[in-house]
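A.B. asks: If you scroll down you'll find the structure; I have some questions about it.
The values are calculated or read from the model by the stated rules, or taken from the named source; none is laboratory data. Just so it is clear, the structure is predicted and the values come from calculations on it, not from any experiment. Surface areas here come from the heavy atoms of the whole protein model, side chains and all, with no ligands, DNA or RNA. Shrake-Rupley method; radii C 1.70, N 1.55, O 1.52, S 1.80 Å.
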Amino acid sequence: MMQFITSIVAILGGSSTIPAPVSGGLVVDTAPQTPHRPYVLPNLKGAAVDFGGLIIRTLVPNVTSSGGLSIVSVNSGPAALNLIHHHKEVEAFYALKGGVQVFHNSDQGRQLQANDFALLAPGNNHTYRPNDLDLQLTLCMAPGGIDEFFTSASNPYSSSAPFSPGHPSQLNITKVLGLMPQYNIIPEPFNTINTDWVNGTTEDGLDTWQVADQTLPSDATKPYFISSNRGPKYLSHDAGKVIGQLVSPKQTNNKLSVATIAMKSGPKPAATRFNVDQAFQVTEGQLHVEINSETAQLIFGDLVFIPRGTLFKYWSTVGFTKFVTWSAGPGLSDNLIQGAENWDYAVWPA
Ligand SMILES: *[C@@H]1O[C@H](CO)[C@@H](O)[C@H](O)[C@H]1NC(C)=O
Ligand SMILES: *[C@@H]1O[C@H](CO)[C@@H](O)[C@H](O)[C@H]1NC(C)=O
Ligand SMILES: *[C@@H]1O[C@H](CO)[C@@H](O)[C@H](O)[C@H]1NC(C)=O
Ligand SMILES: *[C@@H]1O[C@H](CO)[C@@H](O)[C@H](O)[C@H]1NC(C)=O
């Protein structure tokens, strides 16, 4: 592992490029707007706004990742179809719970349930419609900036409730449309979507969605969907981990890497670090992290932001822990995959 890290550092011009992490209390209520500052943000914390009934919480602000990515969470009940649009950034959805329909161009769509994933490739039209009583979705855009759009375009939201059921707020469409050019979001209200779905998918996904293995495209122009545990998987024998790859740098021209990591319990390991900003969000079990001699325990929905160059330890003391890694370039999951074998299962062998 050290060899791999050293090689990344070498590519980027030596260890002097790694900034020292800014210290402060690890667990926060609101994501800091400061680059190089590690933090743990508990589930349903974070600056929140009401975007027409969707409650958007900023998990990783654009400025905190130095422009690398923005991560926000979306909580909502059933809601109207969002405006069809496209932009030059890569956008990715990971459903934590509930359900949402995601539409890509005029021909593709999938029903995302917990642990399903969508990659909305740059320049392609897309939209979505929450359709469950309790949806929670993590949305990432790379490069970042979308958190600032949501903050500017929405109304304030101050409740600790995930969202306000039965009381959708009205979006000011004039304001939203007026802000879009500033964030390079191009509305395509005349684009059509395909709502001819069977078993949660348009025809192209019938043989695979939720029922068979799915592959990642070989270039960065194609949108795609990966249902829970059905993407490429790798077993890291020594580490006792199964890595489920959702996006490698190949699908995003090095802008974003996303994976799930399922891990067994084990002792506290040696510290590691990467030369890329990363966030881990727990979906099952409990993850321990240690940064700057401070330890935190993360459960469902809790997120840790680990700026590039930060030394950290991560481990689990419960039977099964799973988290999603969001990385603004090759990161932890890519490193683990390098030393891992192909694996057909979602859990490690007995
Ligand atoms: C995102 O952050 C970067 C670096 O701080 C900045 O250059 C860029 O303008 C920001 N993007 C938006 C949309 O504000
Ligand atoms: C909607 O936004 C526009 C543009 O920002 C503003 O002029 C208008 O007053 C807003 N309407 C309401 C009802 O707040
Ligand atoms: C997006 O929608 C517009 C309007 O229908 C269409 O002209 C354009 O070709 C679409 N883009 C893609 C990539 O399909
Ligand atoms: C939909 O799913 C059911 C249950 O798995 C299956 O029997 C059926 O063939 C599927 N429909 C299509 C059109 O594939």
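A.B. asks: Figure the gain on full extension for Leu206 and Gln170 (residue separation times 0.36 nm, minus the Cα-Cα span) and round it to one decimal in nm.
C.D. replies: 9.3 nm
A.B. asks: Find the centroid of the Cα atoms in the range 129-204 and in the range 305-350, then give the distance between the two in whole Å.
C.D. replies: Between the Cα centre of the range 129-204 and that of the range 305-350, the gap is 29 Å.
A.B. asks: A further question follows. Per residue, how much space in cubic angstrom lies within the convex hull of the C-alpha atoms of the range 133-242?
C.D. replies: 224 Å³
A.B. asks: Given 0.36 nm per residue, what is the gain on full extension from Asp196 to Tyr345 after removing their alpha carbon distance, in nm?
C.D. replies: In short, 50.5 nm is gained.
A.B. asks: Additional query: Over the Cα atoms of the range 46-224, what is the Rg over Rh ratio if Rh follows Kirkwood?
C.D. replies: Here Rg/Rh amounts to 0.94.
A.B. asks: Quick one: how many Å² of Trp326 are accessible to a 1.4 Å probe, rounded to 10?
C.D. replies: About 0 Å², ignoring ligands and nucleic acids.
A.B. asks: Accessible area per residue of the chain at 1.4 Å probe, in Å²?
C.D. replies: Ligands and nucleic acids excluded, the result is 41 Å² per residue.
A.B. asks: Test of understanding: express the Cα radius of gyration of the range 180-287 as a ratio to 2.2 N^0.38 Å, with N the residue count.
C.D. replies: In units of the 2.2 N^0.38 Å rule of thumb, it is 1.38.
A.B. asks: Ok, one more. Could you put Arg37, Arg129 in order of accessible surface area, largest first, with the 1.4 Å probe and the full protein assembly present?
C.D. replies: Ranking Arg37, Arg129 by accessible area, largest first, yields Arg129, Arg37.
A.B. asks: How much length is gained if the chain between Ser106 and Asp219 is pulled fully straight, taking 0.36 nm per residue apart and subtracting their Cα-Cα distance, in nm to one decimal?
C.D. replies: 38.6 nm
A.B. asks: Regarding the range 248-350, what is the average projected area of its C-alpha convex hull, in nm²?
C.D. replies: 6.7 nm²
A.B. asks: Given the options Ala212, Ala279, Ala262, state which has the largest fluctuation in a GNM of the chain using a 10 Å cut-off (strictly under) for Cα springs.
C.D. replies: Of the options given, Ala212 has the highest mean-square fluctuation.
A.B. asks: May I pose another question? Would you mind giving the three semi-axes, in whole Å and largest first, of the ellipsoid equivalent to the chain according to its Cα gyration tensor?
C.D. replies: Semi-axes, largest first: 30, 24, 19 Å.
A.B. asks: Working from Cα positions, state the angle (0 to 90°, nearest 10) between the long axis of helix 2-11 and the longest principal axis of the chain.
C.D. replies: 60 degrees
A.B. asks: Here's another thing I want to ask about it. Need one number: convex hull volume per residue for the range 93-194, Cα atoms only, in Å³.
C.D. replies: 124 Å³
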